[in-house]
Structure formats: structure tokens, C-alpha cells
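Asker: I'd like to ask you about the structure that follows.
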Amino acid sequence: MTKTSDTTGANMLGQRTDLPTSPDEAVLERVPNPHPDTNYVARFTVPEFTSICPVTGQPDFARLVIDYVPDAYLVESKSFKLYMSSFRNHGAFHEDCTIAIAKRLTQTLAPRWLRIGGYWYPRGGIPIDVFWQSGPELEDLYVPDAGVAPYQGR
């Protein structure tokens, strides 16, 4: 079960908040979009995302780039940071983590459009990059390049 808090303000801001022990326990808060009449892209970049390999128990590292076009809601950034951190001890494959995050954000925010790129660092010599988007880009919308070069071996 996933938890969403629908607030006109944020419940976590201004107070000490413990790190959730798993993504399912993490609460994602949403706040009203002050410009629901305008199509614009909001980007979150998570340069130090970590999770655990469910087979070996070793850490996996990724750079996540999430672009979305808000409708009625924005994701509240503190709850987003805590949600991302909740994967730190969570065992899941790269594909599962990336798609689960996309689905959770889509469920919570109901954005007009969302795209995620999971750029996973190599383990065993093979990088696994995972991409998903909710549909075609909206017309007349500036969506910048994700800014992550393809992996080049050394």
C-alpha cells in the first residue's frame, strides 16, 4: 500500500521527520500547483540514488532524472527526498525501482506528462539504463535533454 498526503501545505516541513524504512512506508505529499493553467516542466535530478540488489545484497547506484508537467499538484520536495532515500535499504532490481518511482509519482500527482530516466552505474561491467514516459511530449513544450551522457567504458 502506498501513502499519499493531499495537503494545501506540507505536513513534513518545519519538523523533524524520520527516514521511512521502505518505499511503501514513505508518504509522498502533494501541494497545489500555483500555475495549473500553464504547461511547464518541473525536473528533479537525484544524482546519488541508491538501492540494494535483491540477489547479492550489494548496493546499486543511479542518477535519476524525472521531468513532469504538473496539473493540479506538485510533489512536495521534502517528502520526495525522503521517498527517494527510502530505497537505500530496499532490495529491488534497477527496472523495478525506476518504474515503481514513475508509477508512484503518476498515481500521486496525476501529471499531464511524466518521464523518468534511470541511469544505473555498471555492476558486473554492464550499465542498465531504464526509461519510461507516460505518453508523447506535449506540443510547444520545452523539455531539455536529460544531460546524462551514455556510459563509456574506460
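Asker: Can you go through PHE87, PHE93 and tell me which one is over 12 Å from the mean Cα position of the chain (by Cα) and touching a residue at least 40 places away in the same chain (Cβ under 8 Å)?
Answerer: It is PHE93.
Asker: Any idea how many residues of the stretch 136-154 are among the aromatic types (Phe, Trp, Tyr) and either farther than 30 Å from ARG123 by Cα or modelled with pLDDT of 90 or more (or both)?
Answerer: 1
Asker: Next question. Determine if the stretch 124-131 includes at least one residue that is part of a strand (DSSP E or B) and either closer than 19 Å to PRO23 by Cα or of a type in the set (A, V, I, L, M) (or both).
Answerer: Looking only at the stretch 124-131, we keep the residues that are part of a strand (DSSP E or B), and these are 126, 129-131.
Those still in the list that are either closer than 19 Å to PRO23 by Cα or of a type in the set (A, V, I, L, M) (or both) too: 126, 130.
Within the stretch 124-131, one or more residues are part of a strand (DSSP E or B) and either closer than 19 Å to PRO23 by Cα or of a type in the set (A, V, I, L, M) (or both).
Asker: Another question, then. For TRP113, all conditions in the list (1) crowded, with 19+ Cβ neighbours inside 10 Å; (2) under 26 Å from LEU19 (Cα atoms); (3) among the aromatic types (Phe, Trp, Tyr) hold save one; what is the number of the exception?
Answerer: (2)
Asker: Mind listing whichever residues of the stretch 103-121 are touching a residue at least 40 places away in the same chain (Cβ under 8 Å), in a helix (DSSP H, G or I) and closer than 16 Å to ALA42 by Cα?
Answerer: LEU105, THR108, LEU109
Asker: Just a yes or no: is a residue in the stretch 89-99 touching a helix residue (DSSP H, G or I) at 6+ places or on another chain (Cβ under 9 Å) and closer than 15 Å to PHE49 by Cα?
Answerer: Of the stretch 89-99, the ones touching a helix residue (DSSP H, G or I) at 6+ places or on another chain (Cβ under 9 Å) are 90, 92.
Narrowing further to those that are closer than 15 Å to PHE49 by Cα: 90, 92.
Looking for residues that are touching a helix residue (DSSP H, G or I) at 6+ places or on another chain (Cβ under 9 Å) and closer than 15 Å to PHE49 by Cα, one finds at least one in the stretch 89-99, hence yes.
Asker: Looking only at residues in the stretch 42-58 that are more than 14 Å from the chain's Cα centre (by Cα) and either surrounded by 13 or more Cβ atoms within 10 Å (Cβ to Cβ) or not hydrophobic (A, V, I, L, M, F, W, C) (or both), which one is farthest from TYR73 (Cα to Cα)?
Answerer: The residue in question is THR56.
The values are calculated or read from the model by the stated rules, or taken from the named source; none is laboratory data. Keep in mind that what you see is a predicted model, and the values were worked out from it rather than measured. Using ideal geometry, Cβ is built from the backbone for each residue, glycine included, and neighbour counts are taken over all protein chains shown.
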